[in-house]
Amino acid sequence: MLITCPYCGPRDVSEYSYQGDGNRTRPDPASTDQEAWNAYVYDRLNPRGEHHEIWQHSGGCRAHLKVTRNTLTHVISSVGFARDAGHRKSDGHRKTGAEA
Amino acid sequence: MVEQESPLKPVWKPGSHGNFANGVGVYLSETMPGSIVQLAAWPGEEKAVIAAIKKVAGVTLPDGAGGGAPGDVKAAFGFAPGKFLVVDEKEGLAEAFAKAVDISVGTVTDLSHGRTAIRVAGPKAEWVLAKFFAIDFSQVSFPVGAGRSTVHHDVFAQIQRTAPTQFDLYVFRSFARSFWTALCHASAEVGYEVR
Ligand SMILES: [Zn+2]
C-alpha cells in the first residue's frame with residue numbers, strides 16, 4: 001500500500017503510523033459530558049468502504065495526515081495535512097493545528 | 001574549539017574493499033560539518049525562515065517541498081513542511097540563527113552533535129542507497145540540491161543530493177556506526193572505497 005504524502009510524495013506504508021479513526025471529535029478537555037467522552041473513546045463507524053483516518057508520516061516528514069482509505073480495496077482516494085482539518089464537524093471548541 | 005570524535009572510529013577502515021577489481025562503485029566518507037542546524041517555522045512564517053537562511057548562511061532555497069541548495073561549505077534543504085536543515089563546515093551556525101530567527105517566527109535546534117553526516121558518492125551511489133530506502137533516487141524525481149526524509153528500519157535519515165552521483169546522509173549519531181557497517185556491507189558488491 002502506498003500513501004502519497006502531500007510533502008514527500010508516494011511512500012510505502014511502512015513509513016507511516018496509523019493514528020486512528022479520523023471521524024472522532026475530541027470533546028473540550030474541560031468537559032465532563034460522559035456521553036461525549038464515551039463516543040470519542042469507543043464509538044467507531046467501522047465502515048465497509050471509504051473511511052476517514054489519521055496517519056502520521058513518522059518515517060518521513062513526520063506530518064500528521066488526514067487520509068480517506070477504502071477498507072475493502074485499500075484504495076486511498078485523498079490525502080491532506082491534518083492541520084487543515086476542515087473536513088471534520090467541529091463542536092465549536094476544537095482548535096485546528098494552525099490555531100492550537 | 002573541541003576536537004570532534006567520530007562515532008565511526010572503531011569501524012573506520014580506509015582503503016578499497018569488496019568487489020573493486022573492476023573499479024570502485026561508491027566512495028564512502030564522513031563529512032564532519034562543524035554545524036548542523038534544524039530550523040522550524042510556525043505555520044505562515046515559512047518565507048521568513050527561508051529569508052533568515054539566506055541572510056545568515058547565504059544560501060538561497062527554492063520554493064517547494066524538499067527544495068534545497070547544495071554547497072561544499074554550506075548547504076540547506078527542506079525536509080518537512082516548514083522545516084529545514086542547514087549545514088556549515090564551520091562551527092557557530094546555531095548561535096547566528098538564534099539571533100536571526102525570533103521565537104515568533106520559528107525555532108532553532110542545534111543538531112551538530114546529534115547527527116552524523118555520511119557521504120555516498122560514485123557511479124553506483126543510487127544503486128546502493130536504493131537497497132536501504134524505498135524512495136525514487138532517479139535524478140528526475142530527486143534533483144541535485146533536493147532533500148528527502150525517509151527511514152531504513154529504525155534509522156531515520158535525511159538525504160540531500162549534493163551532485164548528480166553524490167548524496168549526503170544525516171543519521172542519528174547513536175545509529176551511525178550500525179548504519180555505516182550496513183552501508184559497507186551493501187557496497188561490497190559494487191566495490192567501495194572509504195576515504
Ligand atoms: Zn511526508
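Of all residues in the stretch A:39-76, which are of a type in the set (Lys, Arg) and within 16 Å of the ligand (Cβ to nearest atom)?
Those that are of a type in the set (Lys, Arg) and within 16 Å of the ligand (Cβ to nearest atom): A:62, A:66.
For (1) within 14 Å of chain A (Cβ to nearest Cβ); (2) over 17 Å from residue B:110 (Cα atoms), each residue gets a yes or a no:
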| residue | (1), (2) |
| --- | --- |
| B:30 | no, yes |
| B:49 | no, no |
| B:55 | no, yes |
| B:68 | yes, yes |
| B:75 | no, no |
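Contact map, the stretch A:56-84: residues that are on the phi < 0 side of the Ramachandran plot and away from chain B (no Cβ under 12 Å) paired with residues that are open to solvent by less than 40 Å² (accessible area, probe 1.4 Å) and of a type in the set (Asp, Glu), Cβ distance under 8 Å, separation 6+ or inter-chain. Pairs shown: A:66/A:53; A:67/A:53; A:68/A:53; A:69/A:53. Is it the case, given these coordinates, that residue A:83 is in contact with a His (Cβ under 9 Å, 6 or more places away or on another chain), modelled with pLDDT under 95 and within 16 Å of the ligand (Cβ to nearest atom)? Yes: the conditions hold for residue A:83. Scanning the stretch A:1-37 for residues that are open to solvent by less than 60 Å² (accessible area, probe 1.4 Å), more than 14 Å from chain B (Cβ to nearest Cβ) and either part of a strand (DSSP E or B) or within 15 Å of the ligand (Cβ to nearest atom) (or both) yields a total of 2.
Looking across the stretch B:19-45 at every residue that is assigned by TED's automatic domain parsing to the domain that holds residue B:96 and more than 26 Å from residue B:90 (Cβ to Cβ), the one that is most open to solvent (accessible area, probe 1.4 Å) is identified as B:42. Among the residues of the stretch B:134-144, is any β-branched (Val, Ile, Thr) and more than 10 Å from chain A (Cβ to nearest Cβ)? Yes: the stretch B:134-144 contains one or more residues that are β-branched (Val, Ile, Thr) and more than 10 Å from chain A (Cβ to nearest Cβ).
Please tell me if residue B:59 is in contact with a helix residue (DSSP H, G or I) (Cβ under 8 Å, 6 or more places away or on another chain) and under 29 Å from residue B:186 (Cβ atoms). For residue B:59, the condition - in contact with a helix residue (DSSP H, G or I) (Cβ under 8 Å, 6 or more places away or on another chain) and under 29 Å from residue B:186 (Cβ atoms) - is not met. For the stretch B:65-154, the strands (runs of 3 or more DSSP E) that sit wholly inside it and include 3 or more residues that are buried (at least 20 other Cβ atoms within 10 Å of the Cβ) and in contact with a strand residue (DSSP E or B) (Cβ under 8 Å, 6 or more places away or on another chain) are B:74-80, B:83-88, B:115-121, B:147-152. For residue B:40, only one of the following conditions fails: (1) out of contact with any helix residue (DSSP H, G or I) (no Cβ under 7 Å at 6 or more places or on another chain); (2) in a loop (DSSP other than H, G, I, E, B). What is its number? For residue B:40, the exception is condition (2).
The values are calculated or read from the model by the stated rules, or taken from the named source; none is laboratory data. The structure presented is a predicted model; accordingly, all values stated were derived computationally and were not measured. Note that each Cβ is placed from the backbone with ideal geometry, even for glycine, and that neighbours are counted across all protein chains shown. Each accessible area value is taken on the protein alone, full model and side chains, heavy atoms only, with ligands, DNA and RNA left out. Shrake-Rupley method; radii C 1.70, N 1.55, O 1.52, S 1.80 Å.
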